[in-house]
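The structure appears right after this line, and notes come after that.
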Amino acid sequence: MLNLHQENKTYVLTAIRNTFSGLLDILYPRYCFACDNSLHEEGNTYICKNCLEEIKKTDAKRCVKCGFELGIGITSSNKGCPECENSNLRFEKSFFISDNKGALKNLIHQFKYNKHMCLVKPLGDLLINLLIHQDIMPEIDIVAPVPLHWRKKLERGFNQSELLAKKVCKKLSLPISTSNLCRIKNTLSQTQLSRTQRQKNVNGAFKIKNPKLFFKKKALLIDDVLTTGITASECARNLKKCGS
Ligand SMILES: [Zn+2]
Ligand SMILES: [Zn+2]
């Protein structure tokens, strides 16, 4: 008998691993989007050197699955850390540039809420840089951004994860699917919700229009922020139902 569970895998790529607690394009800004320092002396047009260095600095030991910072003496296996083993996350691994703080937090905010679309490029470049160093790279069959409900996309004018995913896929020549995985429930923002409420909020929120398209494929989900991993996990659960 074919064991489909061994065939399909889902990975997650996000800009930020958030800690769980509770269209204007400017082509040549004179100030760093993350810290407001002048960029006059620098060739970089969006982010200053200091902020870039801060973003790229990663030293903490992390869980390979949920990205949780592991305390002293706590280890994680391929199945995850004690924290995420209990939450039954349905994806295999997650990757992110940095925590939701400092320069990167500011950049995501400028991109997502202040709609500085020019930031797709530097943020996309950071994701590409992160992804090309991962051993899962050759395994990826398809990339899917975490979808927004059509109403939310209309309100914001764009899906930030889709724009980042397009950038990554174009540069790395990866196949992308932007409309097969869709959000059918206009869920509340997860920010203010508890873990249980978050799970309830995303239950039944996603649907796959054409399951054949994801049949036996190893998928890379792209989202801007990963907090508890519940949203990504619910997407992964749907992807796995397609014969994964
Ligand atoms: Zn800066
Ligand atoms: Zn974990």
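Read-outs throughout are calculated quantities, based only on the coordinates presented, and are distinct from any laboratory measurement. Only a predicted model underlies this, so the values are computations on that prediction, with no experimental measurement involved. Backbone-built Cβ (ideal geometry, glycine too); neighbour counts: all protein chains shown.
Please quote Rg/Rh for region 65-152 to two decimal places, taking the Kirkwood radius as Rh and restricting both calculations to Cα atoms.
1.00
Which one, 67, 193, 37, is farthest towards the positive end of the dipole of region 4-240 when Lys and Arg carry +1 and Asp and Glu -1 on their Cβ?
So the residue we want is 193.
Which of the listed residues, 132, 82, 158, is farthest toward the dipole's positive end in the chain, when Lys, Arg count +1 and Asp, Glu count -1 at the beta-carbon?
158
For region 195-244, max minus min Cα coordinate along each principal axis, in Å, sorted largest first?
For region 195-244, the Cα extents along the three principal axes come out at 31, 20, 15 Å.
Restricting the count to DSSP beta bridges whose residues both fall in region 4-240, what percent are antiparallel, rounded to a multiple of 5?
For region 4-240, the DSSP antiparallel bridge percentage is about 25.
What ranking do 90, 30 get, fewest neighbouring Cβ atoms within 10 angstrom at the top?
With the fewest neighbours first, 90, 30 line up as 30, 90.
Translational D (Stokes-Einstein, µm²/s) of the chain at 25 °C and 0.890 mPa s when Rh comes from the Kirkwood sum over C-alpha pairs?
Estimated via Stokes-Einstein, D reaches 132 µm²/s.
Straight-line reach only, C-alpha to C-alpha below 24 angstrom: list the lysines that residue 152 could link to, leaving out same-chain residues fewer than 8 apart.
Residue 152 reaches 105, 112, 115, 121, 166, 167, 185, 200, 207, 209.
Stretched out fully, how many nm does the piece from residue 149 to residue 50 gain, at 0.36 nm a residue minus the Cα gap?
Between residue 149 and residue 50, full extension yields an extra 32.0 nm.
Give the residue list of trypsin sites (Lys or Arg not before Pro) in region 150-244 that are DSSP loop and have at most 16 other beta-carbon atoms within 10 angstrom.
185, 209, 216, 241
When a footprinting reagent is the concern and you count Cβ atoms within 10 Å, what order do 70, 226, 154, 126 take, fewest first?
154, 70, 126, 226
Which of the three applies to region 115-182, rounded, prolate or oblate, going by the alpha-carbon gyration tensor with a ≥ b ≥ c and a/c under 1.5 meaning rounded?
Cα axes put region 115-182 in the oblate bin.
Work out how much length residue 60 to residue 40 would gain on full extension: take 0.36 nm times their residue separation and subtract the Cα-Cα distance, in nm to one decimal.
3.9 nm
How do 40, 149, 116 rank when sorted from fewest to most other Cβ atoms within 10 Å of their own Cβ?
In order of increasing Cβ crowding within 10 Å: 40, 149, 116.
About the Cα centre of region 4-240, how large is the charge dipole given +1 on each Lys and Arg Cβ and -1 on each Asp and Glu Cβ? Please answer in debye to the nearest 20.
Taking the Cα centre of region 4-240 as origin, the dipole is about 1040 debye.
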